[in-house]
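Quick notes on the structure that follows.
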Amino acid sequence: MMAAAVFGIFVVLAVIGAPIMTALGIAGMAGEVGMLNLPGTCMPQGFFSSVDSWPLLCTPFFLLSGAIMGKCGPATALFDMCEKFLGHIRGGLAIAVVVACAFFGAITGSGIATAVAIGSMAVPEMLKAGYDKKMTYGLVAVSGTLGLIIPPSIYMIIFAGMVSGSVVEYFTAGYLPGIMIAAMMIFIAVIKSPKEVRPKYSWAERWVSLKHAMPALGMPIVVMGSIYTGIFTATESAALSILYCIIVCPIFYRGKFNLKSFMQATRDACKTTSQVYLILGAVTAFSVAITYMKLPQSISSFVVDMNLSPTLFMIGCAVIYLIFGMFIDVIPILYLTVPIFYPVTLALGIHTLHFMIMTIVMTMVAQVSPPFGVVLFAMTGTFREKIETVIKGALPFIAVLSIACLVVIFFPQISTCVVNWLLY
């Protein structure tokens, strides 16, 4: 009953329009202090403990390096390269968008940053080439979420911190599902593309664009290579990514790199980091309350007693993520659900990598799920387009993500085979 009351307070505050951070914090405080009679110092101590994490330090580092890459030139070079190599075939621009988002996602780890950075260049070109407006905005929005599953992913880092897992393993597990989802998006995008006629660039022009994009393509190689070779930890590699950006951008992208663009990137990264950490502190108070009320243990025992199969439980989790994603941002969803679901997965013998990949795929859906998907609002704010237009265009690609989630659920090997091959 107390856990239900805590959830009720959160739901009421969220429905009346309170910020998610406020709703979670007040509900958590009501549970900790008002119902459980815990000392008032527990909440600030929990807030500090939640953000005082060495693995979580990756988040602001990757956010800053991604923002620099988006504002200071590399994003433009990536899309230009993809367009010159792919733009002349049917659906070439659509393919270029997905490929560029995959590359840029491997640099930033952020769905919003990827969608806005690539979309600012791709949308005008696609509309000029005769692509349907709804399809254009929908493709860019959903392709931007590839940054969540293609390493280095901020959300994988957060997940690893919650379950005390290996960031390297989680990064490695994301490669195959990420490539699979990108291929599925490309297939649908080509089917829905017009038979546009684009100029076929010469090989000389293509090599020039590739040369211009090489410094940007080098960042994930440097970052992930330093992790896999054991030279640096994931957190140290995240710091290295900032150093790489600061060295590379002024040398190779002087036209875009200046004090104004650098300061804008810094402000964006600080704003996003602050939002992440404030939500993290608030949701920690909420999680502590429901944990003291033994809700995770009760749900775990209930599910085990029902004799649910692992597959059926995973499908149920996916449905819950889909519903939550319509109303709540990704980070609160992770902190609300993982402490409850993860003990159940252990009891049912579900591999942690399998559960993590399913969770990340559904957080991709959450970022573009109407009515409150954050990437949808980022697209409408950036391009001054009606949210209805973006939602209608995104629906076919949201269906692709949902199908991909089912494939991941029914074939656990997709989540584990690359890890077993590369690391063990």
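Below, the figures for the structure above:
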read-out	value
Tilt relative to the chain, helix 352-368 - C-alpha long axis, 0 to 90 degrees, to 10	70
Column: log10 I(q)/I(0), Debye, Cα scatterers of region 167-269, q = 0.16, 0.20 Å⁻¹	-1.06, -1.14
Highest to lowest packing among 212-221, 359-368, 27-36, scored as the average C-beta count within 10 Å	359-368, 27-36, 212-221
Hydrodynamic radius by Kirkwood, which averages 1/r over all alpha carbon pairs of region 98-213, in angstrom	15.4
Debye log10 I(q)/I(0) at q = 0.21, 0.25, 0.28, 0.29 Å⁻¹ for region 211-275, Cα point scatterers	-0.96, -1.09, -1.14, -1.15
Highest average packing first - 238-246, 312-320, 148-156, Cβ atoms within 10 Å	148-156, 238-246, 312-320
The chain: calculated mean residue ellipticity at 222 nm from DSSP helix runs of at least 4, using -39500 (n - 2.57)	-25500 deg cm²/dmol
Rg/Rg_globular for region 295-424, with Rg_globular taken as 2.2 N^0.38 Å and Rg from C-alpha atoms	1.16
Integer Hz, Karplus 6.51/-1.76/1.60 couplings in order for region 62-77, x for Gly and Pro	5, 4, 5, 5, x, 5, 5, 4, x, 8, 10, x, x, 4, 4, 5
Tilt relative to the chain, helix 203-228 - C-alpha long axis, 0 to 90 degrees, to 10	30
Angle in degrees between helix 330-348 and the longest Cα principal axis of the chain, rounded to the nearest 10	60
Computed P(r) (all Cα pairs; region 3-423; 20 Å bins; percent)	27, 58, 15, 1
The chain, relative contact order in percent, only Cα pairs under 8 angstrom and at least six apart counted	25
Which listed pairs, of K134/K200; K84/K392; K128/K195; K71/K134; K84/K256, have C-alpha distances above 23 Å, in listed order	K134/K200; K84/K392; K71/K134
Relative packing of 74-83, 179-188, 9-18, 254-263, which averages over residues the other C-beta atoms within 10 Å, highest first	74-83, 179-188, 9-18, 254-263
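No lab work stands behind these numbers, since they all come straight from the coordinates. Since this is a predicted model, take the numbers as computed values, not measurements. Reconstructed Cβ throughout: ideal geometry from the backbone, glycine too, with neighbour counts over all protein chains shown.
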